[in-house]
Amino acid sequence: MILQGIILIAGLLLLVKGADWLVDGASVLAKKHNVSDLAIGLTIVAFGTSAPELVVNSVASTQGYPDIVFGNVIGSNNFNLFIILGIAGLITPLTVQSSSVWKEIPFSLLAAIILLFLANNYLENNERGLSIIDGIILLIFFAAFLFYVFTQLKADPTGEIIEQKDYSNAKIWGLILIGLASLVIGGKLVVDNAVAMAQSLGVSEKIIGLTIVAAGTSLPELATSVVASMKKNNDIAIGNIIGSNIFNIFLILGVSSIISPLAFKEAFNLDIYILIGGTIFLFVAMFTGKKKKLDRWEAAILLIAYLGYTTYLVSMEV
């Protein structure tokens with residue numbers, strides 16, 4: 001089992017570095033074709049930090065591990081919201097723009113609620129799970145989110161300047177191809193060894209997906225938001241998390257359920273309720289204490305809540 005753990009960590013490292021190489025190469029390629037910095041940040045960088053989840057879920061869906069699929073997405077979203085925003089908010093109170101308060105945060109809440117309804121088939125009263133039709137519905141919502149992003153670009157074409165790197169075409173395409181290969185290999189290693197470890201430990205795939213895999217695939221978001229917080233770049237710290245949570249549900253679960261319909265266990269509902277509750281707390285936090293700001297005490301509540309939630313999950317398996 002020790003060997004499986006080492007290979008799992010190696011797979012996670014490949015995922016993180018693969019996403020980094022892919023973003024680096026794609027960003028420079030986009031700049032060479034005069035794509036704006038903000039467009040790069042909202043599309044390529046946002047996709048890059050969600051790429052590990054996408055690859056892991058595509059592999060898990062293909063191999064028939066729906067618990068890993070749901071555990072990874074829901075667990076990653078909770079890790080993003082509670083741990084990453086909690087840490088970033090403790091480093092420095094995070095000021096949030098009005099558009100994020102009234103549009104992006106509610107949009108991420110909508111994503112969690114739609115997932116709850118579709119996965120449980122409340123409207124049809126059928127067997128729980130995501131069908132190909134559900135996947136298409138999720139992707140339609142993702143397209144609507146992208147439309148909103150590009151509408152915002154036209155309304156506010158300014159943005160933080162992303163450092164221009166001067167790479168040759170060979171290096172650009174080398175980074176993109178190596179990044180993609182690392183994502184694919186890393187994703188396969190993570191899924192195979194996560195399942196093997198769960199079987200060896202007698203722990204469910206659900207718990208492995210919600211904890212180890214979810215935390216590992218969220219490393220790009222963690223690094224991005226913590227560095228942004230230290231540099232007092234609040235827009236990136238908050239936007240990275242909210243955007244990633246929307247990507248994870250609409251894009252990644254949409255693609256995963258189209259690859260193969262996913263059976264959904266009722267036990268995951270608690271984790272979705274936690275996600276919904278945490279998102280509502282983030283929205284309410286914009287109006288308590290200092291308005292449109294996540295204060296340190298509110299960030300601490302997020303961290304404490306997640307630790308309590310994780311302790312409960314593990315205790316239920318013992």
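The values are calculated or read from the model by the stated rules, or taken from the named source; none is laboratory data. Note that the structure is a prediction, hence the values are computed from the model and not measured. Note: ideal-geometry Cβ built from the backbone for every residue, glycine included; neighbour counts use all protein chains shown. Keep in mind that these areas ignore ligands, DNA and RNA; they rest on the heavy atoms of the full protein, side chains included. Shrake-Rupley method; radii C 1.70, N 1.55, O 1.52, S 1.80 Å.
Results, tabulated for the structure shown:
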| item | result |
| --- | --- |
| Residue pairs meeting the criteria (Cβ under 7 Å; at least 6 apart or on separate chains; first more than 16 Å from Phe70 (Cα to Cα), in the stretch 192-213; second surrounded by fewer than 21 Cβ atoms within 10 Å (Cβ to Cβ) and small (Gly, Ala, Ser)) | Met197/Gly5 |
| Residues located in the stretch 301-318, provided they are assigned to a helix (DSSP H, G or I) and surrounded by fewer than 16 Cβ atoms within 10 Å (Cβ to Cβ) | Ile304, Leu307, Gly308, Thr311, Tyr312, Val314, Ser315, Met316, Glu317 |
| Condition broken by Glu104, with the remaining ones in (1) over 16 Å from the mean Cα position of the chain (by Cα); (2) of a type in the set (D, E, K, R); (3) open to solvent by 20 Å² or more (accessible area, probe 1.4 Å) satisfied | (1) |
| Selection status of Asn240, free of Cβ contacts under 8 Å to residues at least 40 places away in the same chain and of a type outside the set (D, E, K, R) | no |
| Qualifying residues in the stretch 266-300 (those that are of a type in the set (A, V, I, L, M), in a helix (DSSP H, G or I) and touching a residue at least 40 places away in the same chain (Cβ under 8 Å)) - the one farthest from Thr92 (Cα to Cα) | Ile272 |
| Unique match (being hydroxyl-bearing (Ser, Thr, Tyr) and within 13 Å of Pro93 (Cα to Cα)) among Ser229, Ser256, Ser260 | Ser229 |
| Selected residue (criterion: modelled with the lowest pLDDT) from residues of the stretch 14-44 that are open to solvent by less than 50 Å² (accessible area, probe 1.4 Å) and closer than 22 Å to Val69 by Cα | Ala19 |
| Residue match in the stretch 231-238 (condition: over 13 Å from Leu54 (Cα atoms), open to solvent by 10 Å² or more (accessible area, probe 1.4 Å) and in contact with a strand residue (DSSP E or B) (Cβ under 8 Å, 6 or more places away or on another chain)) | yes |
| Restricting the stretch 108-134 to residues that are more than 23 Å from Ser244 (Cα to Cα) and charged (D, E, K, R), the residue that is most open to solvent (accessible area, probe 1.4 Å) | Glu127 |
| Unique residue being in a helix (DSSP H, G or I), surrounded by 19 or more Cβ atoms within 10 Å (Cβ to Cβ), modelled with pLDDT of 80 or more and over 17 Å from the mean Cα position of the chain (by Cα) when the list is Leu8, Leu3 | Leu8 |
| Helices (runs of 4 or more DSSP H) (entirely within the stretch 211-265) containing at least 1 residues that are farther than 22 Å from Tyr309 by Cβ and at pLDDT 90 or above | 253-259 |
